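In what follows, a structure is listed as structure tokens, so that the remarks can point back to it.
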Amino acid sequence: MSTLAVLPVILPLAAGAASVLLWKSLRVQRVVGVAATLALVIVSLLLFREVNREGIIVVHMGSWPSPIGISFVVDLFGSIMVVLAAITGAATAIYSVRGIDKRRQSFLYFPLLHILLMGVCGAFLTGDIFNLYVWFEVLLMSSFVLLALGNERDQLEGAIKYVTINLMSSALFLTAIGILYGTFGTLDMADLSRKIAATQNTGIVTTLSMLFLIAFGIKAAIFPLFFWLPASYHTPPFAVSAIFAGLLTKVGVYAIIRVFTLLFPIDPGFTRPLMLFLAAMTMLTGVLGAASQMEFRRVLSFHIISQIGYMLLGLALATPLALAGSVFYIMHHIIVKANLFFIAGLAERIRGTSDLKAIGPVSVYARSPLVAILFFIPAMSLAGIPPLSGFFAKLVLVRAGLEIGEWAIIAVALVVSILTLYSMTKIWAEAFWKGPARREDEAESDNKDAVPPSMLLPVATLAAITVAVGLFAGPIFDIASRAAAQLLDKEGYVRAVLGDEAMQEEESP
Amino acid sequence: MQILIAIIVGGIFACAIYMILRRSIVKLIIGLALLGHAANLLIFSAGGLSKAHPALVRPGSTSPPEPYADPLPQALILTAIVISFGVLAFMMVLVSRAYNAVGNDDTDEFVNTER
């Protein structure tokens, strides 16, 4: 059981190390890449089953008990995130076999992908705040290299912005950790949760919570800290964009949710209005930015931002239903978003450009109806059309908002939803639908065999998952609401990590 | 001592932000390096500044001699230094490549992707 909890970190590490040693053979690297990520999916599903059955799993590294040692704490939310990371990772690995050019692959693309996954999984599993910083750095470091790999001018420009702003955020995170340690003398999140709840010094707690909000907010790309995202996400190869879009900002969201449920629970007087405002602005600016763009990936990049707003909304409302909505939203969003970037890559391969205006004259639909339909599913899901996954995710959030009478934010969420539909329709009309069904003469740049099955497979699988999440929304929402209930049950988390004595100790003096 | 260190940390943060906001990407690197130092120094002082022994257990005893300094901030800083060293090395190569690609170290020239 304890091995299972650390496997999501060890497996990518081993695969990454093996791929570096086998750097001479691209073929072996590809096989290892696909096999290891598929194994990660299986491991993560087993871990999820275990957590679902047994409750929170705690592993103390080197058998040092918390709060002295570092521990991995796997609750339902964490294990759901690991499953999603593994699925995205596997899809990316399969897509990359043909989707990433040989030159990039020979410069250690696959090892970097494994290390990125290791960092992401580690961040989802750890129960120690400094350890969380270290995992952030692990995933950032590999994302820096993945972003710059290939040395194209656009990429380098995007990478400089991305690296600078992420280093700023890391420095703020580190500063917050320093103050946190200086004030409370511990770095274990369960122990911190207990000590923060008991402290009289609310000033420092508020300061700290804001420092964390800014540090993680930069990584999650919330308003007004998101400008690095649309400046960099459209520059690397499509497979890299897809895994970044699916996972990296969500690690920031995960950290915000973790910190603002466990350490600094939402305060209706101060953090809730602030977060609701940030959520509303994030949704609005993201979706309006997307409406003004005409490049496939830039439209999608801005939509990442607007979707982050929905996740923040669920956290800000802070009712069990709203938080379940957030968890459900993340589950839906990671799959859909990664898939949309994959499909942008397919469209680019078919038509040789990802500028929506230039794709126009001969539609992708005319070239490959299958790709067009595969775009349609996640796009409609993103906009929230029933019966796809996005509809239920939004439904839950809207209902949660109405229950506690936050009318304004719900209005914003619904307007943003319509504007999302507008953007998706724009892409659909410009890239997939416009123009005559057949016009061979103008389409010489087209490459009919551009879409190999190995690139279609992950796209089709992710689309199938989107449909399945929609069709089985009931049971999946049930999991999300149990994950949310666990997130709100701070005592349960603390008891699982520190044991029963710690709780009694606190009550007795 | 605590106050002196606090002022120094603030000063370094200010210098770091100033350097990051300059237009030259070479100064950007200096700014980021300073930013890391400021955060490290802050952790160092957050651990408590005191005249104390290193937390090493002498042979024959089971605990370090009192008073001993908190070893954890030092370990944290060590980790942070190693990480920022790696990141800075990468950043230097990145900046040098970007300089070659753009032909200018002025960040205002880095707007091609903004379309």
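Quick notes on this structure:
- Extension gain, A:V31 to A:I373, is 120.2 nm, computed as 0.36 nm per intervening residue step minus the present C-alpha separation.
- Backbone HN-Hα couplings from phi across the stretch A:266-282 [Karplus 6.51/-1.76/1.60, Hz, Gly and Pro as x]: 3, 9, x, x, 10, 6, 5, x, 4, 5, 4, 4, 4, 4, 4, 5, 4
- Burial ordering of A:F392, A:F107, fewest other beta-carbon atoms within 10 Å first: A:F107, A:F392
- Long-range amide H partners of B:S24 with built H, under 5 Å: B:T107
- Extension gain for A:S292-A:E54 works out to 80.8 nm (0.36 nm per residue, less the C-alpha to C-alpha distance).
- Shape of the stretch A:72-205, Cα gyration tensor, a/c cut at 1.5: oblate
- Spatial separation of Cα centroids for the stretch A:364-437 and the stretch A:78-95, in angstrom: 23
- q = 0.15, 0.23 Å⁻¹: log10 I(q)/I(0) that the Debye formula gives for the stretch A:36-86, counting C-alpha atoms only: -0.44, -0.83
- Between B:R97, B:R22, B:R58, the residue with the greatest mean-square fluctuation in the GNM of chain B (Cα pairs under 10 Å linked by springs) is B:R58.
- Chymotrypsin sites (Phe, Trp or Tyr not before Pro) restricted to the stretch A:244-320 and DSSP loop, no more than 15 other C-beta within 10 Å: A:F270
- Considering only A:I343, A:Q293, A:L323, the residue lying farthest towards the positive end of the dipole of the stretch A:239-369 is A:I343, judged by Cα position with unit charges set on Cβ.
- For chain A, convex hull of alpha carbons as volume per residue, Å³: 130
- The stretch A:228-351: relative contact order as a whole-number percent, Cα under 8 Å and 6+ apart: 35
- Distance from the Cα centroid of the stretch A:106-154 to that of the stretch A:282-325 is 24 Å (rounded to whole angstrom).
- Converting phi to 3J(HN,Hα) with the Karplus coefficients 6.51, -1.76 and 1.60 and the offset θ = phi - 60°, the stretch B:21-36 yields 7, 5, 7, 7, 6, 5, 5, 4, 5, 4, x, 5, 5, 5, 4, x Hz in sequence order, with x at every glycine or proline.
- Count Lys and Arg as plus one, Asp and Glu as minus one, and take only other residues whose Cβ is under 14 Å from that of A:G122; the net charge is then -1.
- Put a dot 7 Å past the Cα of A:E491, heading toward its Cβ, do the same for B:Q2, and the two dots end up 3.4 nm apart.
- Selected from B:L94, B:L28, B:L41 as most flexible by GNM, with chain B as the system and alpha-carbon contacts under 10 Å: B:L94
- Under Karplus coefficients 6.51, -1.76 and 1.60, residue-wise ³J(HN,Hα) of the stretch A:180-193 in Hz, glycine/proline x: 4, 5, x, 7, 10, x, 8, 10, 6, 5, 5, 5, 4, 4
- Placed amide H near A:D128: partners under 5 Å, 5+ positions off or other chain: A:S71, A:M189
- Spatially near lysine pairs across chain A, Cα under 19 Å, sequence gap of 8 or more or different chains: 13
- Per-residue ellipticity at 222 nm, computed for chain A from helices alone with -39500 (n - 2.57) per DSSP H run of at least four residues, works out to -25000 deg cm²/dmol.
- For chain B, adding -39500 (n - 2.57) for each run of n ≥ 4 DSSP H residues and dividing by the number of residues yields -23000 deg cm²/dmol at 222 nm.
- Taking a ≥ b ≥ c as the square roots of the eigenvalues of the Cα gyration tensor, an a/c ratio of 1.5 or more together with a/b no larger than b/c marks the stretch B:1-86 as oblate.
- Net charge contributed by nearby residues that have their C-beta within less than 13 Å of A:F477 (K/R +1, D/E -1): +2
- Environment charge at A:G69 (Cβ cut-off 11 Å; Lys +1, Arg +1, Asp -1, Glu -1): -2
- Under 5 Å, built H, 5+ apart or other chain: amide partners of B:Y68: B:H53
A short reminder: the numbers here are calculations on the coordinates, not readings from a lab. Computed from a prediction, not measured in an experiment: that's the story for all the values here. We place every Cβ from the backbone using ideal geometry, glycine too, and count neighbours over all the protein chains shown.
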